[in-house]
Every structure is written in C-alpha cells, then in structure tokens.
Amino acid sequence: MAIAAETQPQEQQQHFSGASDPTRKRWTLNDFDFGKPLGRGKFGHVYMTREKKSNHIVALKVLFKIQLKQSQLENQLCREVEIQSHLRHPNILRLYGYFYDQKRVYLALEYAEKGELYKELQKCKYFSERRAATYIASLARALIYCHGKHVIHRDIKPENLLIGAKGEVKIADFGWSVHTFNRRRTMCGTLDYLPPEMVQNIEHDSSVDIWSLGVLCYEFLYGVPPFEAQEHSDTCRRIVQVDLKFPSSPTVSSVAKDLISQMLVKDSSRRLPLHKLLKHPWIVENADPSGNFNC
Ligand code: AMP
C-alpha cells in the first residue's frame, strides 16, 4: 500500500492523540497500516505508516529487543524516549509514543517528508551560505529550547538531522542526549564533532552543542568537517589544538568564517552563546526567517 503525506488533512493532525493523552490506550501493531520502508538503521527498519484511528502519517521505527540487549543499549533507548517525547519544537522531530511486543520495540515518530539532510549534503557536496545559515539558525533555536529544559544533545551532526515537508531541519536522534543540572564527564558522540573537553574526557556542559554546531556549520559550507584526519589520534590532536584552517575553495565569506571561529573556541565558556549567534551578521544576512529552505 502506498501512503502519501499529502493525504493528511490539517485537522486530523491536530486531533492526533499522540503520546500526550494519558487516557489513550497503548498502541499495538494493529493500530497502523504499513506503507513503504523509509530506511534502515543499525537496529531495525523505519516504515511509513498510517495510524488508523486518526489517519495520521507516522514514521514507525521497529527495533529488535535482542539487538538492543546485545549492544547494551536498553538504558540509552529509555533515556532517548524519555527525553525526546517531552520536547515540542518545530526543529525537533516529535516522538509521539512507543509500544512493544515480545520481540520488538516500536517508536512512533513524526514523519520527515524530505528525508535525510546527510544525503542532501552528499548530493550537493556543500551548501550555499543561505541554506547553511537557515539550517544553523533553526538548529540554534532548537538547542536554546533544549538547553532551557536542561537537555544537552551531545551528538549534533548531519546524520542526525532530517528535513520536514516545508524544508525545515529537524533534530532526529537523541541517543546521546542527557538531562542534566550538573557538568558531565561521559565521552560520547562522534569523533569529528567532539569538542576538546570531551576528547580530553574532562567535565562538559551545554556549550558542547555550540562547538558541534560550529563543526556542522563548517561541514555545511566546505563539505568536510574541520578536523578530519586519516588517523583518529590526529583528529583528536587537531581538535585539542583547535587546528582550524579555511581552504580557499569553495569560496566562503569572511563573515561566515568569523562566526565559525567564534564557535570553535577551546575555552567552552568563551564560545559564542546561541542567542548571540542568532544576531550575528552572517545569520541575519543569510538565514531565511521562516526556517524553511527549498531548492
Ligand atoms: P535510523 O534507524 O534512525 O538511522 O533510521 C534509518 C533511516 O530511516 C534514516 O536514515 C532515514 O532515511 C529513515 N528515517 C528515520 N526516521 C525517519 C522519519 N521520522 N521520517 C522519515 N524518514 C526517516
């Protein structure tokens, strides 16, 4: 069966009970019509589905319990579900709810019609300054919202971002996120995007997300992350030394480079705060205020 997102009337979206209705009975597989597979992750598949009662289109992620157990990721998944289901922001993928049977866990997620941002970046090699600034401003707003709720994402990178129907970016993966009132020590995330304090395994706080957003901004504009190297040890060294170089090609404006340099600062307390990032001339001049980018 093919399901088209356009068949989803606005009122039905609003009537969709989702996870927030405590009186709603727990979903089972019978509550969904299955459509096309949307992709395959490390622990299972994601399908386009329609929740029968509301007609709402939902991306249903199917995870195998045995694989989660073997990888000791059950606690991480619980934390991810707990955090993501409480977040409500246009640039954060909604997690409507979850259910399970004997073998599988099912996550009912907001459907991101335009798919993976990572694939778009691979296709284009690098983004225009307008596109990059629009995404960075939206992500900064989403992170300000998260930090206000004491949630640090800790794994901002292209692979964790999806694009919605209007061309808006959405943070999709909270696997490494943490709800915290204190400084943290755990080493997590993806090497290229790790800040010096996490590489050195010293305490960190929400300013790790400012660093990762700076790395992302660089990768959007140059097509490669700034501290990339053949060996992991060289990447770590380049991160700790903040060995930041701006290649001559592709051409990137000096105002964009200025913003990146203010985010990739070793002393975490001196990184450009996200509310100031939104006022930086590069963002003001280039970011579409709607947050939507369409090619
Ligand atoms: P994951 O297991 O989260 O890595 O998802 C595997 C793939 O499924 C992703 O790379 C996307 O292509 C697709 N996918 C996951 N979640 C969604 C979603 N909410 N909307 C659309 N496609 C998705």
Worksheet item: How big is the equivalent ellipsoid of the range 117-286 along its three axes, where each semi-axis is √(5λ) from the Cα gyration tensor, reported in whole Å from largest to smallest?
Response: 22, 19, 16
Item to complete: Enumerate the calculated ³J(HN,Hα) couplings along the range 250-265 in order (Karplus 6.51 cos²θ - 1.76 cosθ + 1.60, θ = phi - 60°), each rounded to whole Hz, writing x wherever the residue is Gly or Pro.
Response: x, 6, 10, 5, 5, 5, 5, 5, 4, 5, 4, 5, 7, 8, 8, 10
Worksheet item: Quick one: Debye curve from the C-alpha atoms of the range 52-192, no solvent, what's log10 I(q)/I(0) at q = 0.16, 0.22 Å⁻¹?
Response: -0.94, -1.50
Worksheet item: Applying 1/(1 + (r/R0)^6) with R0 = 45 Å to the Cβ-Cβ distance of Arg40 and Asp267, what FRET efficiency is obtained, to the nearest 0.05?
Response: 0.65
Worksheet item: Zone of Glu82 (label point 7 Å along Cα→Cβ, backbone N under 12 Å): which residues in the range 189-205?
Response: none
Worksheet, complete the sentence: Across 10 Å bins beginning at 0, the whole-percent shares of Cα-Cα pair distances in the range 111-164 come to 21, 51, 24, 3
Discussion item. At 7 Å along Cα-to-Cβ for each site, give me the label-to-label distance between His232 and Ser253 in nm.
Written reply: 3.9 nm
Item to complete: Can you spot the lysines whose alpha carbon is less than 24 Å from Lys266's alpha carbon? Ignore those fewer than 8 places along the same chain.
Response: Lys157, Lys245, Lys257, Lys276, Lys279
Discussion item. How far apart, in nanometres, would the label points at Asn201 and Asp101 be if each is projected 7 angstrom from Cα along the Cα-to-Cβ direction?
Written reply: 4.3 nm
Fill in: About the Cα centre, charge dipole magnitude for the range 29-110 (Lys/Arg +1, Asp/Glu -1 at Cβ), debye
200 debye
Practice prompt. Determine the calculated [θ] at 222 nm for the chain from helices alone, applying -39500 (n - 2.57) to every DSSP H run no shorter than 4 residues and normalising by the residue count; nearest 500 deg cm²/dmol.
Written response: -9500 deg cm²/dmol
Worksheet entry | Under 5 Å, built H, 5+ apart or other chain: amide partners of His45 | Val62
Item to complete: Could you quote the convex hull projected area for the range 110-216, Cα atoms only and averaged over all directions, in nm²?
Response: 6.7 nm²
Practice prompt. Based solely on C-alpha atoms, express the radius of gyration and the Dmax of the range 29-110 in angstrom.
Written response: 12.7, 36
Worksheet item: So, counting K/R as plus one and D/E as minus one, what does the shell of residues with Cβ under 13 Å around Phe43 add up to?
Response: +4
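Using the scaling law 2.2 N^0.38 Å as the reference, what is the normalised Cα Rg of the chain?
Here the answer is 1.02, to two decimals.
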Practice prompt. Pop out the Kirkwood hydrodynamic radius of the range 241-288 from its pairwise C-alpha distances, inverse of mean 1/r, in Å to one decimal.
Written response: 11.8 Å
Fill in: For Tyr98, distant residues with modelled amide H under 5 Å away
Ala108
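Every number in this text was worked out from the coordinates using simple rules, so none of it is lab data. Owing to the predicted nature of the structure, the values given are computational and were not obtained by experimental measurement. Note that we place each Cβ from the backbone using ideal geometry, even for glycine, and neighbour counts take in every protein chain shown.
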